[in-house]
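Chemist: Have a look at this one.
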Amino acid sequence: MNSTLLRTTAVRSALRAAVPSTPARAGIAGTTFVRGKATLPDLPYDYGALEPAISGKIMELHHKNHHNTYVTSFNNFSEQIAEAKQKNDIAAQIALQPLINFHGGGHINHTLFWENLAPTSQGGGEPPTGALASAINDSYGSLDAFKEKFNTALAGIQGSGWAWLVQDTQTGKVGIKTYANQDPVVGQFRPILGVDAWEHAYYLQYQNRKAEYFKAIWDVINWKAAEKRLK
Amino acid sequence: MSAPSYSLPPLPYAYDALEPHISKQIMELHHGKHHQTYITNLNAALKTQAEAVHTADITSQVGLQAAIKFNAGGHINHSLFWQNMAPASSAEAKTSAAPELIKQIKATWGDEQAFYDAFKTTLLGIQGSGWGWLVKVETGKEQRLTIVTTKDQDPVVGKGEVPIFGIDMWEHAYYLQYLNGKPAYVENIWKVINWKTAEERFLGTRADAFKVLRASI
Ligand SMILES: [Fe+2]
Ligand SMILES: [Fe+2]
Ligand SMILES: [Fe+2]
């Protein structure tokens, strides 16, 4: 297990069940590998609860199929990398890294995404308050100006990827960053709020009209969850 | 200031002609909306670029390169893609329409099935949006076949490279019909590959393969 991937508070809270109670380690030859498996987190709302912004059909496929595939693939490749480590097979460990990044990233990104969405009846779309509201105003002037910049970033993604409101761990400032494919927000930046810009996130409902999806999603953004991630 | 202007090439078959393997709705959106958007954005970027060239604005020219590559790539890739598909019932969709190409495929991968298996593995290994291509690579008098993937809309335009056929692995290419069942799309796409076009590209030159792209100046 790459425990550094699980170290941020936001992810850990969602993945609590998946964190092993003992440190993950490879067993000695002939024994099974002791490690915590990633599991698909339950959605904190019904599949249809984000309608009309995101259809129930999309949510169901996205959670039950796409996210779950990242979880099972991550577990599978984690197992393989543990075996490669045990055999001191460095080439195999390196070859597996992009797969760990992709599927582990897919797991982390979607886990954060479900958390930072909410039905309007549970506060979805209600503007941020406190430190996050101030940080956004400092950097962008207003929430509307921020949303416009964020949507421009989303629209500019060439291919599959995500846009994130991130916090720079060095300066504490917030900013907008896009990431390709399932590259997770790790390292210098802390994920605050993410929007999935893969076609599977909107295609059944919006087809090629992705700008409409980017506009509608603000109605179901859970700013309370985003606020908790800010440090 | 004149910049070349590209336009949407007509589909060489009806929108529903690839059913049941690719639905009419997918084809309509894919050709009429997605491909058209690449062309619209390409033409806009080329116009801005022509102005930047005219005013010797080098920083703008460099800044436009990513947009030109992405949208030109989208136009190139989709233009080749429509041509390298054909209705499953047509003679073009049979491998017998590509005797020379099949000969070299067998010489390269052992047999046809091994080629399909290798291609399938490559396609399913794409992380995110991209394309899978069968490419003829010419080096001097030698030529060989290879399966390559390109990310997002990167086109196959390297020196000596002739794209034989491409398979669009963006989710928009299959999602309305196959949802997350990407392996089924990858399985069925073989039924609508235009082997006649593939043979022509294999026996021809780069210029032949790309002639569909001629712009109006
Ligand atoms: Fe791991
Ligand atoms: Fe997703
Ligand atoms: Fe496409």
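Chemist: Could you work out the local net charge near A:N208, counting Lys and Arg as +1, Asp and Glu as -1, over the other residues with Cβ closer than 12 Å to its Cβ?
Modeler: That works out to -1.
Chemist: To the nearest 20 Debye, how big is the dipole of chain B about its Cα centre, given +1 on the beta carbon of each Lys and Arg and -1 on that of each Asp and Glu?
Modeler: For this selection, approximately 240 debye.
Chemist: Can you give the net charge of the other residues whose Cβ lies under 15 Å from the Cβ of A:K149, counting K and R as +1 and D and E as -1?
Modeler: Local net charge: +1.
Chemist: Given the stretch A:108-153, what whole percent of its Cα pairs are spread farther than 17 Å?
Modeler: Within the stretch A:108-153, distances greater than 17 Å cover 49 percent of Cα pairs.
Chemist: In nanometres, what is the gap between the two model label sites at A:D89 and B:S96, each 7 Å from Cα along Cα-to-Cβ?
Modeler: 4.5
Chemist: Using heavy-atom solvent-accessible surface (probe 1.4 Å) with all chains present, what is the largest-first order of A:K224, A:K177?
Modeler: Accessible-area ranking of A:K224, A:K177, largest first: A:K224, A:K177.
Chemist: Could you report the buried accessible area between A and B, both sides summed, computed with a 1.4 Å probe and given in Å² to the nearest 100?
Modeler: 1800
Chemist: Mind checking the log10 I(q)/I(0) for chain B at q = 0.09, 0.14, 0.15, 0.16 Å⁻¹? Debye, one equal scatterer per Cα, no solvent, two decimals.
Modeler: -0.37, -0.88, -1.00, -1.12
Chemist: For the pair A:K177 and A:L143, what calculated FRET efficiency results from E = 1/(1 + (r/R0)^6), where r is the Cβ-Cβ distance and R0 = 22 Å, to the nearest 0.05?
Modeler: Computed FRET efficiency for A:L143 and A:K177 comes out at 0.75.
Chemist: Probe radius 1.4 Å, ligands and nucleic acids left out: which of A:R229, A:R209 has the largest accessible area, and how do the rest follow?
Modeler: Sorted by accessible area, descending: A:R209, A:R229.
Chemist: Moving to a separate point now. I'd like the distance between the alpha-carbon centres of the stretch B:109-138 and the stretch B:172-217, rounded to an integer number of Å.
Modeler: About 13 Å separates the Cα centre of the stretch B:109-138 from the one of the stretch B:172-217.
Chemist: Next question. Measure off 7 Å from each Cα along the Cα-to-Cβ vector at B:L213 and B:D57, then give the distance between these two points in nanometres to one decimal.
Modeler: 2.6
Chemist: When only alpha-carbon atoms count, how far does the protein assembly as shown stretch along each of its three principal axes, as whole angstroms with the largest first?
Modeler: Here the Cα extents, ordered largest to smallest, are 66, 64, 42 Å.
Chemist: Still on this structure, I have one more. Rounded to the nearest 0.05, what FRET efficiency is calculated for A:K228 and B:K141 with R0 set to 51 Å and r the Cβ-Cβ distance?
Modeler: 0.20
Chemist: Would you work out the relative contact order for chain B, in percent, from Cα pairs under 8 angstrom that are 6 or more residues apart?
Modeler: 27
Chemist: Counting C-alpha atoms alone, how compact is the stretch B:91-215: give Rg to one decimal and Dmax as a whole number, in angstrom.
Modeler: Calculated on Cα positions, Rg and Dmax stand at 14.4, 44 Å.
Chemist: Follow-up question, since we're still on this one. Could you size up the charge dipole of the protein assembly as shown around its Cα centre, putting +1 on the beta carbon of Lys and Arg and -1 on that of Asp and Glu, and report it in debye to the nearest 20?
Modeler: Its charge dipole is roughly 820 debye.
Chemist: Count neighbours as other Cβ atoms within 10 Å of each site's Cβ, and list the trypsin sites (Lys or Arg not before Pro) in the stretch B:147-217 that are DSSP loop with at most 12 such neighbours.
Modeler: B:K159, B:R214
Chemist: Still on this model: P(r) tail for the stretch B:24-83, what percent of Cα pairs lie past 15 Å?
Modeler: 53
Chemist: Right, another one. Which one of A:G172, A:A211, A:T152 is farthest out on the positive end of the charge dipole of the stretch A:121-229, using unit charges on Cβ (Lys, Arg +1; Asp, Glu -1) and the Cα centre as origin?
Modeler: Toward the positive end, the furthest listed residue is A:G172.
Chemist: What shape does the stretch A:121-229 have by the C-alpha gyration tensor, where a ≥ b ≥ c are the square roots of the eigenvalues, rounded means a/c under 1.5, and otherwise prolate means a/b greater than b/c and oblate the rest?
Modeler: Oblate shape, in that a/c is at least 1.5 and b/c is the bigger or equal ratio.
Chemist: Can you pull the percent of the protein assembly as shown's accessible area that's carbon plus sulfur, 1.4 Å probe, other chains left in place?
Modeler: Within the protein assembly as shown, the accessible surface is 53 percent carbon and sulfur.
Chemist: Treat every Asp and Glu Cβ in the stretch A:112-171 as -1 and every Lys and Arg Cβ as +1, leave all other atoms uncharged, and give the resulting dipole magnitude about the Cα centre to the nearest 20 debye.
Modeler: About 120 debye.
Chemist: Indicate the residues belonging to the stretch A:153-176 that lose 10 Å² or more of solvent-accessible heavy-atom surface (probe 1.4 Å) upon moving from the chain alone to the assembly of all protein chains, ignoring ligands and nucleic acids.
Modeler: Checking the loss per residue gives A:Q158, A:G159, A:S160.
The values are calculated or read from the model by the stated rules, or taken from the named source; none is laboratory data. Because the structure is predicted, anything quoted here is derived from the model rather than measured. Please note: Cβ atoms are built from the backbone with ideal geometry, for glycine as well, and neighbour counts cover all protein chains shown. The accessibility values were calculated without ligands, DNA or RNA, using every heavy atom of the protein model including side chains. Shrake-Rupley method; radii C 1.70, N 1.55, O 1.52, S 1.80 Å.
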